[in-house]
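Let me begin by presenting the structure, written as structure tokens, before commenting on it.
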Amino acid sequence: MTGRSTDLIHHPYEPPAGFAAPQVAVHKASTVIFPSVAALRARDWRQKTGYTYGLHGTPTTFQLEERLAALEGGKHCLLVPSGLASITHVCLALLGTGDEVLVPDNVYGPTKAFAEGDLARFGITHQRYDPMDPRDLAERLSPRTRLMWIEPPGSVTMEFPPAQQLARLCRDRGVLVALDNTWGAGLAFNGFEAGADVVVQALTKYPSGGGDVLMGSIVTRDDALHERLKLAHMRLGWGVGGNDAEAVLRSLPSLQLRYKAQDHAARILAHWLHGRPEVAQVLHPALEGSPGHEHWKALCGDRGQAAGLFSIVLHERFAPGQVDRFCEALRLFKLGYSWGGPVSLVVPYDIASMRRPGSWPHRGVLVRFSVGLEDPADLHADLDQALRQLQ
């Protein structure tokens, strides 16, 4: 070969094998090169015994999938581009026209929107059940019910459901159970021991830990169920970037340390806010008096872990505009969605507009906090100065 460009593309040098380092190498590819036609025809993209095309996995994504499966106590893992994609993928893979899915009334908002919009357009119905009342779930189960979602705890309002009891009701009726374990991060409790068939997680949150990656995971134990999910995964064309997969792999070794630190700081702040006159209620599963506290203890243990996430309901005498100014007065807590990263976040919510009429018992405005990795004493001081301005 004499052409300069050809030499640059087809240079014969190959680095020696055996390189080892603490971090996993980043492999990025759409095209995968085969050594022979026989190999091209023989490799099965459904098995992790070889490589066929970038969408179906690289050494980097395979390693991340295996570690996440181990984290969740599962056998198989699929990666998708976001936490929401993990939820929508499970629904699309397991539901068809005429089926019904049950979601908790305090479900993650985009899940509800997906059920009301796209699933309804496909002829798939849904019902919202009271996650704190197993009898309500039991009454809604029907021959059309194929899937039920559990969120421990509920999105924003933080009620911790009797997950094992809810799952048992569904499994006894042959209904698949999907559990969103983003709050628990695979650490606070085991989703499969809680009764789930499928466990999803927004890796965007604690596993990535930097507030700069979008990714989701879908973990299963059952081979046949994984096959259904994986076939749909191929047909829908989901893929994640090698650099994003490597970023999550780099963060996983510190996951437990970060989770414990954020849990510890959140409890300090939640306990302090519990005694403030401006606060009508603190919603934190590990705090006595918070809805579902006993369920949290049953699933996570007396000394169980909890995420660095909690909400407060401010006294009803504070108008929404005052609450907005309180949030804007915070200096370390930044206004922003998501959680699990190093920066503490705050968002005010109009919960009454998000829930079924009459199901939300409070009249004050709810504010959700995500505690980052700042010094708890500094976060305490920040909350104190903002609350004094609220007065």
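Odds and ends about this structure:
- When the test is whether a residue is assigned by TED's automatic domain parsing to the domain that holds PRO376, surrounded by fewer than 19 Cβ atoms within 10 Å (Cβ to Cβ), among the charged types (D, E, K, R) and in contact with a His (Cβ under 9 Å, 6 or more places away or on another chain), GLU316 passes it.
- Criterion violated by ALA115 - all others in (1) in contact with a helix residue (DSSP H, G or I) (Cβ under 9 Å, 6 or more places away or on another chain); (2) farther than 25 Å from TYR337 by Cβ; (3) crowded, with 21+ Cβ neighbours inside 10 Å; (4) not polar (S, T, N, Q) satisfied: (2)
- Within region 291-326, considering residues that are aliphatic (A, V, I, L, M) and touching a strand residue (DSSP E or B) at 6+ places or on another chain (Cβ under 7 Å), the one nearest to LYS205 (Cα to Cα): LEU309
- Assessment of region 34-43 against the conditions (more than 30 Å from GLY191 (Cα to Cα), small (Gly, Ala, Ser) and modelled with pLDDT under 90) yields no matching residue.
- Criterion violated by SER359 - all others in (1) surrounded by fewer than 16 Cβ atoms within 10 Å (Cβ to Cβ); (2) over 30 Å from GLY195 (Cβ atoms); (3) within 25 Å of the chain's Cα centre (by Cα) satisfied: (2)
- If the condition is being assigned to a loop (DSSP other than H, G, I, E, B) and aromatic (Phe, Trp, Tyr), then region 112-159 contributes only PHE122.
- Pairs are defined by a Cβ separation below 9 Å, a sequence spacing of at least 6 or placement on different chains, a first member in region 124-138 that is closer than 10 Å to LEU166 by Cα and touching a residue at least 12 places away in the same chain (Cβ under 8 Å), and a second member that is assigned to a loop (DSSP other than H, G, I, E, B) and among the small types (Gly, Ala, Ser); the pairs so defined are PRO131/GLY154; PRO131/GLY292; MET132/GLY154; MET132/GLY292.
- The residues of region 76-106 that are under 24 Å from ASP130 (Cβ atoms), in contact with a strand residue (DSSP E or B) (Cβ under 8 Å, 6 or more places away or on another chain) and not in a helix (DSSP H, G or I), listed by number, are LEU95, ASP99, GLU100, VAL101, LEU102, VAL103, PRO104, ASP105.
- Here the condition is being under 22 Å from GLN165 (Cβ atoms) and surrounded by fewer than 22 Cβ atoms within 10 Å (Cβ to Cβ); of ASN190, ASN181, it holds for ASN190 alone.
The values are calculated or read from the model by the stated rules, or taken from the named source; none is laboratory data. As the structure is a prediction and not an experimental result, all values here were calculated from the model. So basically every Cβ, Gly included, is an ideal-geometry build from the backbone, and we count neighbours across all protein chains shown.
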